[in-house]
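The values are calculated or read from the model by the stated rules, or taken from the named source; none is laboratory data. Keep in mind that this is a model prediction, so the values were computed, not measured. Note that we place each Cβ from the backbone using ideal geometry, even for glycine, and neighbour counts take in every protein chain shown. What goes into the accessible areas is simple: the full protein's heavy atoms, side chains included, and nothing from ligands, DNA or RNA. Shrake-Rupley method; radii C 1.70, N 1.55, O 1.52, S 1.80 Å.
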Amino acid sequence: MHARLEEPSGDNAWECNSLTISDLNFNAVCEFIKSLLHCQIDEQPKDITKIKQQQLQALPHQLDLLLRAKIQIQMQDKSTATLEKPAKSRALNEKRKQILAQFRQNNNIDKQTAADNDLQLEYYVNLLN
């Protein structure tokens, strides 16, 4: 199949949902695609952010996610030249690793409240600047 176009056999899992058009009728294909575009979805998509917030995560994991999000925002900055992006990415990733190591070394979770944890996470995220 990689060398020439073949009809899906259905033997492989990824071929089970293949659509085969034997007689090419351009108008019928266009009408089919239009009908798919106008279909309404009955089930509303779940709000993933609410699901993620409900899950309890370890503080180092939360910090890692926050740092990665901040790095992603910084990498999307259009003022950075394309040639500089790999070096900037490596530098930010190394800084993230250092911050996580420092956090794990200095962290004392047992005696802190949720508010203290949030402030501590915010402090470490701001170290990335």
Please give the number of the condition Gln55 fails out of (1) among the polar types (S, T, N, Q); (2) loosely packed, with under 10 Cβ neighbours inside 10 Å; (3) modelled with pLDDT of 70 or more. (3)
Conditions first: (1) open to solvent by less than 70 Å² (accessible area, probe 1.4 Å); (2) at pLDDT 90 or above; (3) not polar (S, T, N, Q). Glu94 passes all but one, so which condition is the exception? (1)
Hey, Asp118 touching a Lys or Arg at 6+ places or on another chain (Cβ under 8 Å), in a helix (DSSP H, G or I), free of Cβ contacts under 8 Å to residues at least 40 places away in the same chain and surrounded by 11 or more Cβ atoms within 10 Å (Cβ to Cβ) or not: no
Of (1) more than 15 Å from Tyr124 (Cβ to Cβ); (2) of a type in the set (Gly, Ala, Ser); (3) modelled with pLDDT of 75 or more; (4) loosely packed, with under 12 Cβ neighbours inside 10 Å, Gly10 satisfies all except one. Which? (3)
Could you check Lys85 against (1) among the basic types (Lys, Arg); (2) assigned to a helix (DSSP H, G or I); (3) open to solvent by 80 Å² or more (accessible area, probe 1.4 Å); (4) free of Cβ contacts under 8 Å to residues at least 40 places away in the same chain and say which number it fails? (3)
